[in-house]
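The values are calculated or read from the model by the stated rules, or taken from the named source; none is laboratory data. For clarity, every value in this text was computed on a predicted model and none was experimentally measured. Cβ atoms come from the backbone with ideal geometry, glycine included; neighbour counts cover every protein chain shown. Each accessible area value is taken on the protein alone, full model and side chains, heavy atoms only, with ligands, DNA and RNA left out. Shrake-Rupley method; radii C 1.70, N 1.55, O 1.52, S 1.80 Å.
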Amino acid sequence: STLDYITDRYLAVPDAFIAPQAILLRWMDVGTFVMIDTLLLYTCGFWGLLLARRRFRLSSAAFTALFLLFNFNGHILAHYSVGHATWGGYFLFPFYVLLVVELLDGRRGWGWVARMALVMGSIYLQGSFHQFVWLLILLGLIGVCIPRHFWMSLKAAVFSVAVGLFRILPPVLLVDKFDHKFIAGYPTVEYLWKALVEVAVPGDLTLASGMTKAVGWWELTLYTGLLGALFLLGFG
């Protein structure tokens with residue numbers, strides 16, 4: 001059903017999970033595996049945050065704010081709550097950010113490209129197709145907005161796609177068989193603000209007003225609370 005009954009080929013599902021830790025499924029059921037996998041990726045994310053703390057020389061207060069916003073925002077919690085276990089690549093974002101900062105600081109060379117492709121490939125192996133695309137978009141924006149980094153951004157994007165090509169090609173071969181459905185984003189600024197400051201139970205609420213297609217609130221909630229939202233407005 002994942003691909004509208006068009007195929008049952010596992011690799012043709014864009015967000016199929018094939019990370020190395022899948023071998024653990026030989027010895028545990030799916031529920032236990034999801035918990036262990038989440039803890040493993042959370043640990044990687046915390047390590048990445050510690051590296052960011054050292055890189056930016058963050059104070060304890062600043063690091064605490066970063067830790068809470070990164071690990072406990074409503075968006076990642078809502079997606080995990082409705083069963084999107086393939087969002088684990090999110091926890092590898094700190095490593096991507098550190099590499100982007102290296103680029104902005106003038107780091108060049110194939111070593112940087114290789115490390116970026118490794119991080120991007122690792123994210124895609126978690127089944128984090130959406131996150132992989134978002135990070136490609138950010139690389140593209142960096143290349144366009146800061147022309148001196150255009151070629152490095154392009155190289156990183158090309159090699160990241162090349163690393164994930166064995167996952168990208170199978171669904172591409174079936175793309176003409178799908179009935180593509182466009183789903184709009186936040187219909188108004190008010191909805192965006194509500195997504196930041198109001199708690200939404202992800203499985204109970206559906207947003208249809210102003211949308212091209214009804215969508216669950218788990219796709220839109222960003223809950224950080226009023227304090228977190230004001231922090232993002234001031235420092236984000």
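Of all residues in segment 199-230, count the ones that are at pLDDT 90 or above and open to solvent by less than 90 Å² (accessible area, probe 1.4 Å). Please lay out each step first, then the result.
Step one: list which residues in segment 199-230 are at pLDDT 90 or above, which gives 222-230.
The next check asks that each one be open to solvent by less than 90 Å² (accessible area, probe 1.4 Å); those that pass are 222-225, 228-229.
Final tally of qualifying residues: 6.
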Open item on the list: Could you check segment 28-43 and list, in sequence order, the residues that are outside any loop (DSSP other than H, G, I, E, B) and open to solvent by 40 Å² or more (accessible area, probe 1.4 Å)?
Closed with: VAL30, GLY31, THR32, VAL34, MET35, ILE36, LEU39, LEU40, TYR42, THR43
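Each row is one residue, and each column tells you yes or no for (1) of a type in the set (Val, Ile, Thr); (2) modelled with pLDDT of 90 or more; (3) touching a Pro at 6+ places or on another chain (Cβ under 7 Å).
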{"residue": "THR2", "(1), (2), (3)": "yes, no, no"}
{"residue": "TYR5", "(1), (2), (3)": "no, no, no"}
{"residue": "ALA19", "(1), (2), (3)": "no, yes, no"}
{"residue": "MET28", "(1), (2), (3)": "no, yes, no"}
{"residue": "PHE33", "(1), (2), (3)": "no, yes, no"}
{"residue": "THR38", "(1), (2), (3)": "yes, yes, no"}
{"residue": "PHE46", "(1), (2), (3)": "no, yes, no"}
{"residue": "PHE67", "(1), (2), (3)": "no, yes, no"}
- [ ] Keeping to segment 112-156, report how many residues are farther than 18 Å from ILE76 by Cα and outside any helix (DSSP H, G or I).
- [x] 1
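Quick one: which residue in LEU77, LEU99, LEU49, LEU68 is under 27 Å from VAL197 (Cα atoms), open to solvent by less than 40 Å² (accessible area, probe 1.4 Å) and assigned to a helix (DSSP H, G or I)?
Working: LEU77 fails: open to solvent by less than 40 Å² (accessible area, probe 1.4 Å); LEU99 fails: under 27 Å from VAL197 (Cα atoms); LEU68 fails: open to solvent by less than 40 Å² (accessible area, probe 1.4 Å).
None of the others qualify; the one that does is LEU49.
For the structure I just gave you, tell me whether ILE18 is closer than 30 Å to PHE178 by Cα, without any contact (Cβ under 8 Å) to a residue 24 or more places away in the chain and surrounded by 13 or more Cβ atoms within 10 Å (Cβ to Cβ). Even if it seems obvious, please write down each step before you answer.
On the way: closer than 30 Å to PHE178 by Cα: yes; without any contact (Cβ under 8 Å) to a residue 24 or more places away in the chain: no; surrounded by 13 or more Cβ atoms within 10 Å (Cβ to Cβ): yes.
The answer is no for ILE18.
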Open item on the list: Just to be sure before I move on: is GLY106 open to solvent by 40 Å² or more (accessible area, probe 1.4 Å) and on the phi > 0 side of the Ramachandran plot in the structure I sent?
Closed with: yes
TODO: Consider LEU25 carefully, then state whether it is in a helix (DSSP H, G or I) and either closer than 21 Å to ARG167 by Cα or touching a residue at least 12 places away in the same chain (Cβ under 8 Å) (or both).
DONE: yes
Open item on the list: Looking at segment 142-162, I want the residues that are closer than 19 Å to ASP105 by Cβ and have a partner that is of a type in the set (Val, Ile, Thr) and outside any helix (DSSP H, G or I) with Cβ atoms under 9 Å, at least 6 apart or on another chain. Which pairs are those?
Closed with: SER153/ILE146
Task: Subset of segment 126-156 (residues that are open to solvent by 20 Å² or more (accessible area, probe 1.4 Å) and over 23 Å from ALA85 (Cα atoms)) - done: LEU138, GLY140, LEU141, VAL144, CYS145, ILE146, PRO147, ARG148, PHE150, TRP151, LEU154, LYS155
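Among the residues of segment 52-65, which ones are surrounded by 15 or more Cβ atoms within 10 Å (Cβ to Cβ) and farther than 9 Å from PRO94 by Cβ? Lay out the reasoning, then the answer.
Just the residues of segment 52-65 that are surrounded by 15 or more Cβ atoms within 10 Å (Cβ to Cβ), to begin with: 52-53, 58, 63, 65.
Scanning segment 52-65 gives ARG53, LEU58, PHE63, ALA65.
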Open item on the list: When you scan segment 172-191, do you find a residue that is over 19 Å from HIS130 (Cβ atoms), at pLDDT below 90, open to solvent by less than 60 Å² (accessible area, probe 1.4 Å) and in a helix (DSSP H, G or I), even just one?
Closed with: yes
Open item on the list: I need a count of the residues in segment 94-141 that are under 15 Å from the mean Cα position of the chain (by Cα) and free of Cβ contacts under 8 Å to residues at least 12 places away in the same chain.
Closed with: 3
Task: Given (1) open to solvent by less than 80 Å² (accessible area, probe 1.4 Å); (2) in contact with a helix residue (DSSP H, G or I) (Cβ under 6 Å, 6 or more places away or on another chain), index of the condition PHE159 fails - done: (1)
